[in-house]
Amino acid sequence: MERGPADQPEVKGLPSGGVDGGLGSAGVLIVDDQPANVALLERLLRRMGVDRTIGITDPRQALEHYRAMDPDLVLLDLHMPHIGGLDLMEALQREIPSDFFVPILVLTADATDTAKQDALGAGATDFLTKPFDQTEVVLRVRNLLRTRFLHVALQSRNANLQLELQRRKEFEVRLAEERAKRLRRVQDVLESGSF
């Protein structure tokens, strides 16, 4: 059965314009202990059209803000006081349901191969070193958000298909019950001989 746009449920995290639409509904959590980095990233995101951003400099507040915001993307520094980026990623992975995809872009001044391998091994989706090229950050953020929205749309589509399958199964059960009732009535009439 074909469905029109009005029949589609609203998908949390999917921009109103669809996967290729605007980024206005996207939510991005920025965690970096340097206020200047947070301010720069917020400015870049605003220019991209991302309206929902939370930038924090204390990583101890990250999980609280993550839960409150339910972001579509996390921008994360690796080396911060109190909680390092790797430990924070581990905590975030426990928050994210296994069937969800919330990309994490690590932005760090640590350009070593070990830092990159550790970050990607801990669950980072992408990795950039500081000082970063602003255009590259914008492009990677856009790509990660698009991937996130595609994932959300796919989840929604799968949920709709499951619902439709359940409805069809219920319909087939009702149809089989109706057939069985009619067959019993026919057999009752034949057995009674009053036809």
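The values are calculated or read from the model by the stated rules, or taken from the named source; none is laboratory data. Computed from a predicted structure; not experimentally measured. Neighbour counts run over all protein chains shown; Cβ positions are idealised from the backbone, glycine included. For accessibility, only protein heavy atoms count, side chains too; no ligands or nucleic acids. Shrake-Rupley method; radii C 1.70, N 1.55, O 1.52, S 1.80 Å.
Take the residues of segment 111-147 that are in contact (Cβ under 8 Å) with a residue 40 or more places away in the chain and small (Gly, Ala, Ser): which is nearest to GLY84 (Cα to Cα)?
Checking each candidate, the answer is ALA119.
Restricting the search to segment 46-82, which residues are in contact with an Asp or Glu (Cβ under 9 Å, 6 or more places away or on another chain) and under 18 Å from GLY123 (Cβ atoms)?
PRO59, LEU63, TYR66, ARG67, LEU75, LEU76, ASP77, LEU78, HIS79, MET80
Between a first residue in segment 29-50 that is among the acidic types (Asp, Glu) and a second residue that is in a strand (DSSP E or B) and open to solvent by less than 40 Å² (accessible area, probe 1.4 Å), which pairs have beta carbons less than 6 Å apart while being 6 or more apart in sequence or on different chains?
What qualifies is GLU42/THR53; GLU42/GLY55.
Mind listing whichever residues of segment 58-96 are of a type in the set (Asp, Glu), surrounded by fewer than 21 Cβ atoms within 10 Å (Cβ to Cβ) and more than 20 Å from ARG146 (Cα to Cα)?
ASP58, GLU64, ASP87, GLU90, GLU95
Give segment 110-152 a look and list any residue that's closer than 25 Å to ALA36 by Cβ, exposed (fewer than 13 other Cβ atoms within 10 Å of the Cβ) and among the hydroxyl-bearing types (Ser, Thr, Tyr), or say none.
THR112, THR135
In segment 20-76, how many residues are among the aliphatic types (A, V, I, L, M) and more than 19 Å from LEU86 (Cα to Cα)?
Residues that pass the stated criteria total 13.
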